[in-house]
1. Of the residues that make up the stretch 160-181, is at least one over 19 Å from residue 121 (Cα atoms) and in contact with a helix residue (DSSP H, G or I) (Cβ under 9 Å, 6 or more places away or on another chain)?
2. Can residue 129 be described as touching a helix residue (DSSP H, G or I) at 6+ places or on another chain (Cβ under 7 Å) and either over 30 Å from residue 9 (Cα atoms) or not assigned by TED's automatic domain parsing to the domain that holds residue 36 (or both)?
3. Can you name every residue in the stretch 184-208 that is under 23 Å from residue 118 (Cβ atoms) and in contact with a strand residue (DSSP E or B) (Cβ under 7 Å, 6 or more places away or on another chain)?
4. Do any residues in the stretch 38-63 that are touching a residue at least 60 places away in the same chain (Cβ under 8 Å) and outside the structural domain of residue 85 (by TED's automatic domain parsing) have Cβ atoms under 6 Å from those of residues that are assigned to a strand (DSSP E or B) and surrounded by 14 or more Cβ atoms within 10 Å (Cβ to Cβ), where the two are at least six apart or on different chains, and which pairs are they?
5. Does the stretch 11-29 hold any residues that are without any contact (Cβ under 8 Å) to a residue 12 or more places away in the chain and closer than 15 Å to residue 73 by Cα, and which are they?
6. Looking at (1) at pLDDT 95 or above; (2) in a loop (DSSP other than H, G, I, E, B); (3) exposed (fewer than 14 other Cβ atoms within 10 Å of the Cβ), which one does residue 130 not meet, given that it meets all the others?
């Protein structure tokens, strides 16, 4: 890939990364003293190329990654000998929660499944009434538009993604765990939208 240069052009699988993890922590790649330095937290819990933190009171070492078209997450629990890995051939923030939930399952914890969302078919006129630009915060705009039978959204400095209708006023995204809830005026046109994501609700007025 021309964009990331040395950071890209790699191909791997979860099985390959498990072998890498076992080799790294098994002393086959670097000396024990070098590994100890790698996993010593410094600024913002960052070691040498690894994040050192905890989940449910268990020490966790790992890192996420992302390049155009790909997202990854790999977490190692040294005290329990557990490794959780998720790879996605798309840009999605879901890999982090997936590795978290895989680890919870490995530790016998309960994981609540995400509710099943079923899209409906929405008339073009109803989507056109929602099209416009909405300002979440100064300089950060959510643009909405209809592309044939698809309803699209794009945030400032991000790529366009499809939003799927749950109802006339509510849409959900598949690339991230987020929902868009529109508020319509008397004429049916949207006047505001609320972004539901990460446990937060952010309302944005329509600019145009």
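1. Looking through the stretch 160-181, at least one residue is over 19 Å from residue 121 (Cα atoms) and in contact with a helix residue (DSSP H, G or I) (Cβ under 9 Å, 6 or more places away or on another chain).
2. Values: touching a helix residue (DSSP H, G or I) at 6+ places or on another chain (Cβ under 7 Å): no; either over 30 Å from residue 9 (Cα atoms) or not assigned by TED's automatic domain parsing to the domain that holds residue 36 (or both): yes.
It is false that residue 129 is touching a helix residue (DSSP H, G or I) at 6+ places or on another chain (Cβ under 7 Å) and either over 30 Å from residue 9 (Cα atoms) or not assigned by TED's automatic domain parsing to the domain that holds residue 36 (or both).
3. Scanning the stretch 184-208 gives 184, 190, 193, 194, 195, 196, 197, 201.
4. none
5. Within the stretch 11-29, 11, 15, 16, 20 qualify.
6. In the conditions (1) at pLDDT 95 or above; (2) in a loop (DSSP other than H, G, I, E, B); (3) exposed (fewer than 14 other Cβ atoms within 10 Å of the Cβ), residue 130 misses (3) alone.
The values are calculated or read from the model by the stated rules, or taken from the named source; none is laboratory data. Here the structure is a predicted model, which is why all the values come from computation and not from measurement. Cβ atoms come from the backbone with ideal geometry, glycine included; neighbour counts cover every protein chain shown.
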